[in-house]
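Derivation of every value follows stated rules applied to the coordinates shown; laboratory data play no part. Here the structure is a predicted model, which means the values were calculated and not measured. Note that each Cβ is placed from the backbone with ideal geometry, even for glycine, and that neighbours are counted across all protein chains shown.
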Amino acid sequence: MEKRKILVTRPQLPPLNEFIPLLADIWDSRWLTNNGKYHQEFEKALASYLGVPYVSLFANGTLALMAALQCLRIKGEVITTPYSFVATTHSLWWNGIKPVFVDIEPDYCNLDPARIEAAITPQTTAILPVHVYGNPCDVDSIQNLADIYGLKVIYDAAHAFGVRLNGSSVLNYGDLSIVSFHATKVFNTIEGGAIISHDIKTKKRIDYLKNFGIANETTVVAPGINAKMNELQAAYGLLQLKYFDTVIDGRKHITDRYKKGLKDIPGLRFLDEPIGVDYNYSYFPVFIDDLEFGRTRDEIYEELKSQDIFARRYFYPLISEFAAYRGLPSAKGLDIAHEISRQIICLPLYPDLPDDVVDLIISIISYMSQPDGKKVPIKILHSYEKKNKLPKK
Ligand SMILES: *Cc1c(COP(=O)(O)O)cnc(C)c1O
């Protein structure tokens, strides 16, 4: 029998029949990259959809982060979180900047503003927080500290596409925000990303930087890089935008189903939906208290895996534990981040995840929580598979 796997996410694609005419148009035009028609249109459509002043498209989120740091001429030390995807810290390393890790707060797993001040030195130039799982950081406290100490704030908003705080895009906070449109993110252009900026001069500088620093035929204004998004991806992105609201509705449905099914199991914690936030349901993180639940996070992870369900431990290990960074003085301590990283499991979440599979995951976790150390009785997924057809991979 063909083996089918349930992965933590499955990218949404626009209808192929809508993409083909756009491809035909690009074929006719022979304009493939360098700020073409679709690139310009997609930047405008994104700015208007998100409610932000300026968008600069990028080939991916990592290059956008690297260029954002270059744009603001960030040097020395930057305060950041160990609880993120490695690209956050790598972007500092590629700019010759020293990362200074500060612990997170346990409620939303974001950088803890109360601990930032103690980490500021004369070399500190900026703060690089992450809106983890799309939940907004304490943007007011962070801006307040930045104002007092004269620091820039760049948000890694890779998870926060479409999130609004008090009615306005969360991407409007800080000096710059970056988003990622990687295949695994809520909104994808296969690979891709963007920087959100607030004035036209900054946008211009970003746009030079992503195209070798070229201002015109004879002028190079900065040592830029090549980080441009091409026309095919921009056209694909325009179509994705049309369907994004439906994607959010689908994700909310799955999230609600998980919460309802798992809420009475002891030892599980979910993130509360923060007040005043329009959320994007980008992940479904569950925190396992192993004493109360009776099994460890890794036992759940392995059991699901044995049933061909691939949850992910975002974020474990911490960035500060990787070889490149573990020698830094700030890699010590970080007790809350370590504890959260030991508890976290992100369950599969995407709009067309069948309800039956969600219920199956709930029942596996529920079996595992039973006190007499009961094993999950059968390979539930395999028996389920015989009865119902799981979506083909
Ligand atoms: C995905 C991600 C990135 C990197 O984005 P890419 O588009 O994959 O380069 C950076 N930071 C965080 C928090 C991410 O999740």
Dipole of the chain, positive direction: furthest Cα of Ile248, Asn216, Ile364, with charges on the beta-carbon: Asn216
Given charges at beta-carbon only (K, R positive; D, E negative), |dipole| of segment 173-257 in Debye: 100 debye
Square roots of five times the Cα gyration tensor eigenvalues for segment 52-95, Å: 18, 13, 10
Helical segments meeting 18 Å axial Cα length and Kyte-Doolittle 0.0 threshold in the chain (DSSP H): 16-29, 355-368
Relative contact order of segment 245-384, defined on C-alpha pairs under 8 angstrom at six or more residues apart (%): 33 percent
Most mobile listed residue (Lys152, Lys252, Lys201) in the chain, GNM with C-alpha springs under 10 Å: Lys201
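A 18 angstrom limit on the alpha carbon distance is what I want to check against. Which of Lys98/Lys152; Lys75/Lys98; Lys152/Lys228 exceed it?
Working: Lys98/Lys152 15 Å; Lys75/Lys98 8 Å; Lys152/Lys228 25 Å.
Those over the limit are Lys152/Lys228.
Need one number: % antiparallel among DSSP beta bridges in the chain, to the nearest 5. Could the numbers behind the result be given before it?
Numbers: 24 of 40 bridges.
The antiparallel fraction comes to roughly 60 percent.
Using Cα-Cα distances under 8 Å and only pairs 6 or more residues apart, what relative contact order does the chain have, in percent? Before the final figure, lay out each step's value.
Working: 746 pairs, mean separation 82.3, N = 393.
21 percent.
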Of every Cα-Cα pair in segment 118-265, the percent that sits beyond 22 Å: 54 percent
Theoretical gain in end-to-end length, His198 to Lys305 [0.36 nm per residue, Cα-Cα removed]: 34.1 nm
Ranking of Thr184, Thr62 by count of other Cβ atoms within 10 Å, fewest first: Thr184, Thr62
DSSP bridge pairs, segment 89-214: antiparallel proportion in percent, nearest 5: 55 percent
Ile190 paired with Phe244, simple spin-label distance in nm, labels 7 Å along Cα-to-beta-carbon: 2.0 nm
Virtual spin-label span in nm between Ala119 and Phe322, 7 Å along Cα→Cβ: 1.6 nm
Percentage relative contact order, segment 16-242, counting C-alpha pairs under 8 Å, at least six apart: 27 percent
Label-zone membership for segment 188-213, site Ser168, 7 angstrom Cα→C-beta point, backbone N under 20 Å: 195-203
Lysine pairs in segment 245-384 with Cα atoms under 17 Å, if 8 or more residues apart or on separate chains: 4
Other-chain or far-sequence residues with amide H under 5 Å of Ile344's (modelled H): Ile288
Mean projection area, nm², convex hull over Cα of the chain: 21.0 nm²
Extension reserve of the Lys263-Lys37 stretch, reckoned as 0.36 nm per residue once the Cα distance is removed: 76.5 nm
Among Leu238, Leu23, Leu46, residue whose mean-square fluctuation peaks in a GNM of the chain (springs only between Cα atoms under 10 Å): Leu23
Candidates Phe19, Phe270, Phe315: whichever shows maximal mean-square fluctuation once the chain is modelled as a Gaussian network with Cα springs under 10 Å: Phe19
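Given 0.36 nm per residue, what is the gain on full extension from Asp147 to Asp335 after removing their alpha carbon distance, in nm?
Details: separation 188, 0.36 × 188 = 67.68 nm, distance 2.78 nm.
Between Asp147 and Asp335, full extension yields an extra 64.9 nm.
For segment 245-384, what ratio Rg/Rh do Cα atoms give with a Kirkwood hydrodynamic radius?
1.00
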